[in-house]
Amino acid sequence: MATVLKNAWALLFGVFLLMLGNGLQGTLLGVRGDIEGFSTNSMAWVMAGYFIGVLGGARLAPEMIRRVGHVRVFAALASCISACLILYAAVPNPFAWFALRVAVGFCISGVYVVAESWLNDAATNETRGQALSAYVIVQMVGIVAAQLILNVADPGGYTLFILISVLVSVAVAPILLSINPAPVFHTTKPITLRKLFEISPLGIVGMFLLGGVFAALFGMAAVFGTVRGMNPREISVFVATIYVGGLVAQYPIGWLSDRMDRRILIVGVTLFGAMAAGAGVFFSGDFVFLLATALAIGGVANPLYSLFIAYTNDFLDHEDMAAAAGGMILANSIGAIAGPLIIGWLMTTFGANSFFAYISALLAAMSVYAVYRSTRRVSPNVDELTSYTPVVPTVSPVAVEVAQEVAIEQAQDDRADG
């Protein structure tokens, strides 16, 4: 790990600054939208816009890089993000915010593709897994730290919007000044969703439903907080706790994943999350209990992303794992787009605690479907499982492909040792 940090510290520091800006964006908009008097449904469309942009950016960024190169794409997209973050405060209108969120989602997705390509190029076969772990940790820590920035200024003013714009602008400097020559860019042609569903129904259905859960946590948690009447400090702590849970639980769940039937683990994890979210429906009035619920849900949702990828890999040939990355992210992204819209309607119709009811229902559906799939197929032997490699829903297809490569290398090493 020391070698990774020595060779890629500037890139990782730049990514950390990017996550500070992007991680605060959604929370700040949720609070500011309430100040501006935007309806819950309007904010749901605003939050959904980000995931629409992410889906478009993940699909179009590779072609942009092929045409003009990594450096130009990275600089152009980062500049657009910085400009959009300023315009939120200048144009407090839900239609404008929706368009800006689409643009930011598109650009941030492209920026991730470039940054992850550089990180992968800087790593060796021996350090690739460590580099990916460092990248995931930096992303999660950046999102958690971003929530604390919400408390440094009035969310009703311009200061926070200027600050996140500056963070994104400054993030470009260490990355562009420290990178090696831009790597040759290549991506694998993705396997279609239909083919992936035939290979692993649970993997694809799980990723789709998990997209809805992730959209709730990353997009609508702050909106829930405003509807519940929380102040900005409470909202920032609530959102940060979700990601702390994901950071803490990622590795224990990964350890279990490599040592047992993954369907049983999926059933257990999703059932626990469904019960925790269900309890939140009835006891969210107590802030301490609310934080415990956020910790539990975050601790379930983030590791599930890697768990579904690892489970799907168990039924793929090694040469198909990288190609599966794009299809799995597509399923997750489609679920993420629908998530805020459904939550917005539910909270408007049935009240704020529908936020937890929605998450509970999705996690329960994953659990039930995992039980059903357990009756339809024999599980691989534990010693035949592919390696669990931690990734988070905020990464691009490049990082997921890298995770697949790490899993392949680990499996080959394990066979050699055996």
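Entry note: the stretch 191-338 has Rg to Rh equal to 1.01, where both radii use alpha-carbon atoms and Rh is the Kirkwood radius.
Heavy-atom accessible area with a 1.4 Å probe sorts Trp45, Trp97, largest first, into Trp45, Trp97. The value of relative contact order for the chain, using C-alpha pairs under 8 Å at least six residues apart, is 26 percent. According to the Kirkwood relation over distinct C-alpha pairs, the hydrodynamic radius of the stretch 335-390 is 14.0 Å. Average the reciprocal distances over every distinct pair of alpha-carbons in the stretch 50-169, invert the result, and give the Kirkwood radius in Å. One over the average 1/r among Cα pairs gives 15.6 Å for the stretch 50-169.
In square nanometres, what is one fourth of the surface area of the convex hull spanned by the alpha carbons of the stretch 20-109? Display every interim value, and only then the final one.
Details: hull surface 21.8 nm².
Projected area, direction-averaged: 5.5 nm².
When each of the peptides 140-151, 367-378, 99-110 is scored by how many other beta carbons lie within 10 Å of its residues on average, the order from highest to lowest is 99-110, 140-151, 367-378. Dividing the Cα radius of gyration of the chain by its Kirkwood radius returns 0.95 for Rg/Rh. The portion of the accessible surface of the chain made up by carbon and sulfur, rounded to a whole percent, is 65 (1.4 Å probe; DNA, RNA and ligands excluded).
Using the Cβ-Cβ distance between Met260 and Thr127 with R0 = 25 Å, the FRET efficiency computed as 1/(1 + (r/R0)^6) comes to roughly 0.30.
Loop-located GluC sites (Glu not before Pro) in the stretch 29-136 (DSSP state other than H, G, I, E, B) with a sparse environment of at most 14 neighbouring Cβ atoms within 10 Å: Glu126. Across Glu198, Glu401, the residue with the most accessible area heads the list, and the full order at a 1.4 Å probe is Glu198, Glu401.
Put a plus charge on the Cβ of each Lys and Arg, a minus charge on the Cβ of each Asp and Glu, and nothing anywhere else: the dipole of the stretch 285-380 about its Cα centre is then about 280 debye.
The values are calculated or read from the model by the stated rules, or taken from the named source; none is laboratory data. Everything numeric in this text was worked out from a predicted model, so none of it was measured. Heads up, the Cβs are rebuilt from the backbone with ideal geometry, glycines too, and the neighbour counts pull from every protein chain shown. Side chains included, ligands, DNA and RNA excluded: accessible areas come from the protein's heavy atoms. Shrake-Rupley method; radii C 1.70, N 1.55, O 1.52, S 1.80 Å.
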